[in-house]
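Let me begin by presenting the structure, written as structure tokens, before commenting on it.
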Amino acid sequence: MRSATSTVDNAEVARFSAMASEWWDPRGKMAPLHKFNPVRIGYIRDRAADHFGRDAKRLDSLKWLRILDIGCGGGILSEPLARLGAEMVGVDPAEANITAARAHAEQSELAIDYRCSTAEELVEQREQFDLVLAMEVVEHVADVPLFVGCCASLVKPGGLMIAATLNRTLKSFALAIVGAEYVLRWLPVGTHRWDKFVTPNELELAMEQSGLSFAHEQGVIYNLIADRWQLSSDLDVNYMMTAEKGGPLA
């Protein structure tokens, strides 16, 4: 995890900008994210509801919570969270992604604050959120400790950070790169770089060094028979992690 002066990897931004028109095509290049969406929405809802004392079964279980979706892309995660009542702010360094997100939110009649910006710019603006999300972003940033530090600065006292990323194991190389990109063609070749994957220990350490406290981790696996993603105790490939920031709940 090398040191950098910015969290933004320009090559990664360019790669996802080129796919901006396909964010909302469930059968296009973003199909894996659309399939992954239900399990990560459920995890976010349940962790937030448990932490903030909400009823996860309510349709407005995230009402009044100010949530930041860093690396929001076209908004495929921000929109369902907004429907659960959250006050959503979606941030992405790619202007093309933000344009696509704004257009779809307007079509969906959802009020989401989309910004072409970065985590460090929000820190400079002294923004604060009840919940900061870094979903499928950590493995694409230029500097993981710097990025996590920025995220932690954006969490209100008593708030949460939730991240979803890929573990750096031989199993993840075989499944997430060789299998998903070269064999099954679920993702365009080059979507991921195995050396940028982050182990749970590395992510937990970055969170703790940024003033957060580890709270929960959960593996995610793909069930070929059911053709869906599901929660698991297996952290070898995909996993999600929650950390808390000390202080009274907002």
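The values are calculated or read from the model by the stated rules, or taken from the named source; none is laboratory data. Since the model is a prediction, treat every value here as computed from it, not as a measurement. All Cβ positions, even for glycine, are placed from backbone atoms using ideal geometry, and neighbour counts span all protein chains on display. Heavy atoms of the whole protein, side chains included, go into the accessibility calculation; ligands, DNA and RNA do not. Shrake-Rupley method; radii C 1.70, N 1.55, O 1.52, S 1.80 Å.
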From the options 203, 160, residue that is farther than 30 Å from residue 18 by Cα and within 19 Å of the chain's Cα centre (by Cα): 160
Residue in the range 169-183 that is under 18 Å from the mean Cα position of the chain (by Cα), open to solvent by 10 Å² or more (accessible area, probe 1.4 Å), farther than 17 Å from residue 44 by Cβ and of a type in the set (S, T, N, Q) present: no
Test: residue 45 is open to solvent by 50 Å² or more (accessible area, probe 1.4 Å), out of contact with any His (no Cβ under 7 Å at 6 or more places or on another chain) and either over 18 Å from residue 77 (Cβ atoms) or among the small types (Gly, Ala, Ser) (or both): no
Residue within the range 88-108 that is in contact with a Leu (Cβ under 7 Å, 6 or more places away or on another chain), in a loop (DSSP other than H, G, I, E, B) and under 21 Å from residue 43 (Cα atoms) present: no
Residue ranges of strands (runs of 3 or more DSSP E) in the range 147-250 with at least 1 members among the aromatic types (Phe, Trp, Tyr) and at pLDDT 95 or above: 212-223, 238-245
Answer from 113, 143 - the residue that is touching a residue at least 12 places away in the same chain (Cβ under 8 Å) and surrounded by fewer than 16 Cβ atoms within 10 Å (Cβ to Cβ): 113
Candidates 81, 59 - the one that is outside any helix (DSSP H, G or I) and either more than 30 Å from residue 193 (Cβ to Cβ) or open to solvent by less than 10 Å² (accessible area, probe 1.4 Å) (or both): 59
